[in-house]
Amino acid sequence: MNAVLRRVLVWAALMVLLAITLGAAFLPLGAARPWIAYGIATAKAALILWFFMELRREGGLVRLAAIAGFVWLTILFTLTAADYLTRFWTG
Amino acid sequence: MLVFLASEVMLFGGIFAAALALRLEHESAYGAAAHHLNLWLGTANTAVLLTSSLMAAIAVQAARDGKPAWAARALWAAVLLGCVFLAIKGAEYAGDLREGLMPGTAQAHFEGTTQHLFMNLYFIGTGLHAVHVTIGLGLLVVAALNRQARHDQHAVLIGNVALYWHLVDVVWVFLYPTLYLAGAR
Amino acid sequence: MSAGIELWPPQASHHAEQVDLLIGSFGAMVWLLTLPVFVLMTWFTIRYRRSHQVNRQHAPTHNLWVELGWSVIPFLLTLGFYVWATMLFFDIHRPPPDAMTIHVVAKQWMWKYQHPEGAREINDLHVPAGEPVELVMTSEDVIHSFFVPGLRIKQDLVPGRYTSLWFNASRPGRYALRCAEFCGTDHSVMGGNLIVLQPQDYAAWLSRSADGGLDGTLAETGATLFRQMGCSGCHAAASPVRAPALGGIFGRPVALSDGRTVIADEQYLSDAILLPNKEIAAGYPSIMPTYGNVLTAEQVNALVAYLKSTHAAQDSK
Amino acid sequence: MTEPRFEHPPEEAAISYLADGHSLRSWFLTTDHKRIALLYLVSITFFFLIGASAAALIRLDLLTPQADLLTNEGYNRAFSIHGIVMVWFFLIPAIPNVLGNFLVPIMIGARDLAFPRLNLLSWYIYIFSGLLTLYVVVSGGVDTGWTFYTPLSSAYANGAVVATIVAVFISGFSTILTGINFIVTIHKLRAPGMTWGRLPLFIWSHYATSIIFVLATPVLAVTLLLVAAERLIGIGVFDPRLGGDPLLFQHLFWFYSHPAVYIMILPALGVISELITAAAHKRIFGYWFVAIASIAIAVIGFMVWGHHMFVSGQSVYASAVFSFLSIAVAVPSAIKVYNWTATLYKADIAIDAPLLFALSFIGLFVAGGLTGLMLAMLAIDVHVTDTYFVVAHFHYIMVGGSVTAFFGGLHFWWPKITGRLYNETLGRIAAVLILVGFNVTFFPQFLLGYEGMPRRYHVYPPEFQVLHVISSMGAALLAVGYALPAIYLIASLLPGGRRAPANPWGATGLEWTTSSPPPKDNFTEQPVVARQPYDYPLAHPASRDDG
């Protein structure tokens, strides 16, 4: 496939995701809403990383370096949230 | 370069963690505060930045294909879109200032403390992002002006600049739901 | 307490004895695991020094099972102590239901206490021996930490939040009480004594303090404030303003405007007074002004104690 | 002894890096990693002296229960400066930026780091932030402690808080750049044949350290930015009056600062692995376990920060999780200690100053590590946290561990760095003095802590005085121990100092195959690696006959 065309298609996919996430924000989905919003954001980030940042062309080590930051962020979020979510549980 | 980008990701990580904590602690007020942001400007900016990212990606490909003229055009398009992003951002800030939502200014008045806090976080988050956009723009301009870079079929300079630009984009992709979407209703 | 050197702090409660037992036995295990390392290290260094002719044949370079052994076995042993220590820790965060509540407010650089019967004191805290006491604590400025070495307990006091811990001091006496979290200029003199009295002495002390011209129990003080500060204007049952009636609210679930339900505990009530639009009760407009700049932390405590007492009144009806 | 692994270059063939230019310009604009390492050595020594002076004031003041030397504010400023300078301007850069900078390229057979100019830039950033810190010291200091806890730092503290925060913020960039430089260098510039399985353990530990540099430092940067913004324009993220949360600061701060402890200790572990094998003349026991343990410490080290917050009002369930993870991180550390001990078995040990430093390191590190394990136990931590027990614990790790390893490494590589031999007898005396002085200083603090002496106390109850006096006297002994090497190491540089051969210890490792001091490009020809690290002959020739 033509390299430029592929990028344009990825861009189109990003725009579709943007439309979906915007639409979903107005639906009465309750507690699921943030999950959907962040799920779509993750999907968009993955598209950018994989195609625009060309991780698809790279070896395992480079991919590892690229996602290391995100993995570490997950550690930060998970354990911080572990505090906030359970702080007011009474035992 | 990617190692440096991982470092940048962690820089924004602190902001996101603060937003997460705030949201967990002030569930309802967070959404109410976010509602005051202009969702449509935020959405438009997301589209602008994503498109700009596309241009940067095309520039890399064009350089690789030995089409320096196209590479330059794509880079300038990316720069232009980046400026549009900053312009929209500026208009948004100006609106916030008029409405008295700009912290630290004389007109500032908030409906309650959570909104105050949210707006502070919004300005720190988007401000830090805007600084990165500006740096990214500078890099893009350097790449666009550099003859050698355009003719380099390995696209080393353009490639790295584009990587940085994509990262700025990725950060925004997460700022958007954190700040704007949370308030949609 | 004799002057000069003191090598072990007094044990003022059963919990203190438990902690000492824990650290003693854990220390013993640690020595058992460490001593061989030190002995072998020294012995190897002397025996295999360069000038010494000994058999050095067949020195091993690796051994998976040995490696796994000395990683996993100490880890499992330590896990046993982890369970023990964690249970002790949970214990000091779960007060028995009959514990008496003393409010503690810290500020730079003093401790203020409010007894349920209305007695108030500064820096020195009197408590009865053999009775569980729960401390509900907050700070007016920076983070402080309530530390009684004799009880082996410590808890930070965070502005804007309530933290708590409980103890049951078994031996009457005076025990040092200190601030353990750096809190600015006079951090090191922010202390006092925990004075544990026999229950009858405590009762006598309470009545003496009451003679000092105090205005009733903490809940009564709160009731007065409830009127003075205008709370009753909106929150009384007959009020023209639409605001939730608060009689018996403590400990009840409250439905919020965003669909969640919370239990009205000390934290919720205090937040409702100081940060009123943090959590808005369902069906009511968000019109309450913040009292953050009007009330002191002690006055908030009194109001919460009052709301708590209405709970008790309604239950008895 | 060991056979030379490569053709030794003729001595006159290459000019040593020290002789290559003598102008100021040739030093201050150098991109040679070895010269930059020396620039760092001089600057961290300077900051060590500042931090040590603050420590001396503290220990003198604590000789008596009353305040007779410093005022309350003076004392608070003294320990804040002590902490800030020692952590960010001495301990963090000490081993990576001096020994690491010098040795990482040589050990892997490279001519320089991947980005030599970036390396120089990071030194300038470090110096700039250091000067800013000095400005804070002379302009009245700061009284927040090195931890900058909110809301004390953001709303209540006097003094130059913002300037200090900016200084630490800037120094972070220096750290990040060094980390990136090391990671890329280790990935891209290894000599032919230098596979991952042949890397010296020193390199493994620096690789792990660099990961922390890159991933943890930015979180500190943004956290400090938020504190400064809070102080300047009141953004309120940590301010309870706006609904912010002071504990969030602690989460973010310790997300950096606990891994920062591993930044200080991991390179030390790498140094010790080199010292032990060289002195023992034997292959390390369990190479892969020791190498992977470094990475494991770096990764798990990111998940234990909450153990600083057991009494902070953090959720008790989160505390239980953090307690468990903290116990888990002790496992890889223990593996290293056991492996070092096993390395000494049937070894051929030269009892020189570096080995003495290494053995004292192991003893002090074990003591510090095990008291750390006690602190990870929730119920024990509740009693001893924020007391002198914690103070003693982290000084065992950072001073007893890191600084001892730094001294050991400095002695071990001194002949390589300077081309001179120091006085071995004085070296041994210094090693013993430091070990004794250190224990006299800090062991009493464990007792003080358990008895209930909180940290950062300027005046204290009289029953604690005896232990405080012992501690202060130990500190004097320790000061002598640290001053002694400064004297004989500098003396070795004077004209007439004994010249070092290329390989004075008979050690393996690429750095010993080049001349002492190394030529500007490290090697006269590209080294090729064909053997395992620490490939010593299995037994000493003298003992083979009785086997």
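Coordinate-derived values only; no laboratory data. Since the model is a prediction, treat every value here as computed from it, not as a measurement. Cβ placement follows ideal geometry from the backbone for every residue including glycine, while neighbour counts extend to all protein chains displayed.
Observations, loosely collected:
- Mean-square fluctuations from a GNM of chain C, with a 10 angstrom spring cutoff on Cα atoms, peak among C:Thr34, C:Thr217, C:Thr163 at C:Thr34.
- C:Met229, B:Met119, D:Met309 arranged by Cβ crowding within 10 Å, fewest neighbours leading: C:Met229, D:Met309, B:Met119
- Max mean-square fluctuation residue, GNM over chain C, Cα-Cα springs under 10 Å, options C:Gly233, C:Gly118, C:Gly191: C:Gly233
- Shape of region C:218-316, Cα gyration tensor, a/c cut at 1.5: rounded
- Residue exposure sequence - D:Leu177, B:Leu97 - by fewest surrounding Cβ within 10 Å: B:Leu97, D:Leu177
- Where GluC sites (Glu not before Pro) in DSSP loops with at most 13 other Cβ within 10 Å are excluded, longest remaining stretch of chain D: D:8-524
- Springs join every pair of Cα atoms under 10 Å in this Gaussian network model of chain A, and among A:Leu14, A:Leu55, A:Leu64 the largest mean-square fluctuation is at A:Leu64.
- Surrounding net charge for D:Leu62, when Lys and Arg each add one and Asp and Glu each subtract one, Cβ distance under 13 Å: +1
- Distance violations [Cα-Cα > 20 Å] among D:Lys282/D:Lys346; D:Lys282/D:Lys336; D:Lys34/D:Lys282; C:Lys107/C:Lys154: D:Lys34/D:Lys282
- Mean Cα-pair separation over length for chain D, i.e. relative contact order, pairs under 8 Å, 6 or more apart, %: 20 percent
- Net charge of Cβ neighbours under 15 Å - reference C:Trp166; Lys, Arg +1; Asp, Glu -1: -2
- Neighbouring partner chain Cβ atoms per residue of C:8-16, average, 10 Å criterion: 2
- Charge sum, other residues only, whose C-beta stays under 11 Å from D:Gln250's C-beta, Lys/Arg counted +1 and Asp/Glu -1: -4
- Relative contact order (%) - chain C, alpha-carbon pairs under 8 angstrom, separation at least six: 15 percent
- Neighbour-count order for C:Asp265, D:Asp32, fewest beta carbons within 10 angstrom listed first: C:Asp265, D:Asp32
- Span-like helix ranges in chain D, DSSP H, alpha carbon extent 30 angstrom or more, Kyte mean at least 1.6: D:161-188, D:201-233, D:353-376, D:465-493
- Estimated from helical segments only, the mean residue ellipticity of chain D at 222 nm is -20500 deg cm²/dmol, where each DSSP H run of four or more residues counts as -39500 (n - 2.57).
- DSSP loop chymotrypsin sites (Phe, Trp or Tyr not before Pro) with at most 14 other Cβ within 10 Å: longest gap in chain A: A:1-87
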